[in-house]
Amino acid sequence: MSIAESLSLFLAMVALAALPSSSVALVVVRSATQGVRHGIAAALGIAAGDLIFVALALAGLAAMAEVLGTFFTLLRYAAAAYLVWFGFSLIRSAGGAVQDARAGRGGLWISFAAGVGLTLGDVKAILFYAALFP
């Protein structure tokens, strides 16, 4: 990787890190409702999710998607349908989610897993790694 490519990657990562996303919301909510330790665990989970994306991208995720062809497209549509269904179920439950989050404290591993899961499902992260590491 040349210096120009490295600088471009660095600037793209800084720009994306400056944009607020669901990851920022997760860390803020975990810190506010369950304490700073849970916020740090969520942040570490987000970093671990980013490392998983880098590993997948460098291993050739784009090549695998090309080989899988139609199956990969069907998988994307199934994932989109699940996210739409999940969104509607959250809208219907309205205020109950905040109360449930405070009631079930969970451990630090839950906060870490929430960070990993959120990052692996984050569209911004997926587009970023798919665009920069084909």
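The 1.4 Å probe gives accessible areas that order Arg92, Arg76, largest first, as Arg92, Arg76. Based on protein heavy atoms only, the stretch 1-73 ends up with 65 Å² per residue of surface accessible to a 1.4 Å probe. Note: relative contact order over the chain, using C-alpha pairs below 8 Å and six or more positions apart, is 44 percent. Spin-label model, Leu68 to Leu11: label points 7 Å out along the Cα-to-beta-carbon direction sit 3.3 nm apart. Taking the accessible area of the chain, probe 1.4 Å, and keeping the other protein chains in place, the carbon and sulfur fraction comes to 76%. On full extension, the segment bounded by Ser93 and Leu56 gains 9.8 nm, given 0.36 nm per residue less the C-alpha separation. Scanning the chain for DSSP H helices at least 24 Å long along the axis (C-alpha atoms) with a Kyte-Doolittle mean no lower than 0.5 picks out 36-59, 70-93.
The values are calculated or read from the model by the stated rules, or taken from the named source; none is laboratory data. Note that this is a predicted model, so its numbers are computed, not measured. FYI the Cβ positions are ideal-geometry reconstructions off the backbone, even for glycines, and counts take in every protein chain you see. With ligands, DNA and RNA removed, areas are computed over all heavy atoms of the protein, side chains included. Shrake-Rupley method; radii C 1.70, N 1.55, O 1.52, S 1.80 Å.
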